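Report on the structure given below.
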Amino acid sequence: MAQAPAVQAPVIGVTPQNARIHNYLNDLAGPPTFIRVIGGGVFSHLRDGEGGNLGGEIASRAGQMAIEVSVQHGLAAVMQQSTEYQPCDCRGFGNKVEHALLETFTDRRADGTRAIAVPRMAGAYAGRFARAAWERDGAGAQDVLLGTTLSFGLTAVFNTARELTGVGR
């Protein structure tokens, strides 16, 4: 009599099959997002003075982030592009800066080649425009475009610091 094959318990963790979902959930509610939403809300509240609503500011930023991440990951899935930052094993200041800038403005396709980071850019602009739409005294289109574009510059600075210090590997 033949024995039934042993059934292995599922391994909990990130596999290639669920990596996209894991990355989405991490970008949606992981520690860096928590810090951006809460820290940004507190910073804006302090900058605007006591008249602002801290809870409303944090909620607005959380909504913006949910839209941004959902658009980015949805488009990346359709376009078969990665949303992950991939650190460089390169040496030298110039090579590290070049890689950080490349990772800021491009994504990897399924075949390993690079493409302009359309999903990341579309997500960032969608999130900011949505937030401007629901806030009573929301920013105008020009302010949204400028602020979002400047945020990519700030991301490039953070990515460069990440490469030069080795933090986040």
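The values are calculated or read from the model by the stated rules, or taken from the named source; none is laboratory data. Note that the structure is predicted; figures quoted are calculated from it, not measured. Note: ideal-geometry Cβ built from the backbone for every residue, glycine included; neighbour counts use all protein chains shown.
Some values worked out for this structure:
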{"item": "Qualifying residue in segment 126-133 (condition: of a type in the set (K, R), surrounded by 12 or more Cβ atoms within 10 Å (Cβ to Cβ), under 20 Å from A66 (Cβ atoms) and under 15 Å from the mean Cα position of the chain (by Cα))", "result": "yes"}
{"item": "Out of E98, E103, sole residue that is under 25 Å from A161 (Cα atoms) and either loosely packed, with under 15 Cβ neighbours inside 10 Å or free of Cβ contacts under 8 Å to residues at least 12 places away in the same chain (or both)", "result": "E98"}
{"item": "Search result, residues across segment 140-152 that are surrounded by 12 or more Cβ atoms within 10 Å (Cβ to Cβ), free of Cβ contacts under 8 Å to residues at least 12 places away in the same chain and either over 16 Å from the mean Cα position of the chain (by Cα) or on the phi > 0 side of the Ramachandran plot (or both)", "result": "D143, L146"}
{"item": "Flag if T155 is in contact (Cβ under 8 Å) with a residue 24 or more places away in the chain, surrounded by 15 or more Cβ atoms within 10 Å (Cβ to Cβ), at negative phi and of a type in the set (S, T, N, Q)", "result": "yes"}
{"item": "Entirely in segment 36-151, the helices (runs of 4 or more DSSP H) that have 1 or more residues that are under 22 Å from N26 (Cα atoms) and acidic (D, E)", "result": "54-79, 93-105"}
{"item": "Output for segment 70-109, where each listed residue is farther than 20 Å from P32 by Cα and among the polar types (S, T, N, Q)", "result": "Q80, Q81, N95, T106"}
{"item": "Test: residue in segment 92-111 that is acidic (D, E), touching a strand residue (DSSP E or B) at 6+ places or on another chain (Cβ under 6 Å) and closer than 23 Å to S70 by Cα", "result": "yes"}
{"item": "Only one of V7, V69, V42 that is farther than 27 Å from A117 by Cβ and at pLDDT 90 or above", "result": "V42"}
{"item": "Filter pass, D137 being surrounded by 19 or more Cβ atoms within 10 Å (Cβ to Cβ) and either farther than 16 Å from S70 by Cβ or within 17 Å of the chain's Cα centre (by Cα) (or both)", "result": "no"}
{"item": "Residue match in segment 47-55 (condition: touching a residue at least 60 places away in the same chain (Cβ under 8 Å), among the hydrophobic types (A, V, I, L, M, F, W, C) and surrounded by 15 or more Cβ atoms within 10 Å (Cβ to Cβ))", "result": "no"}
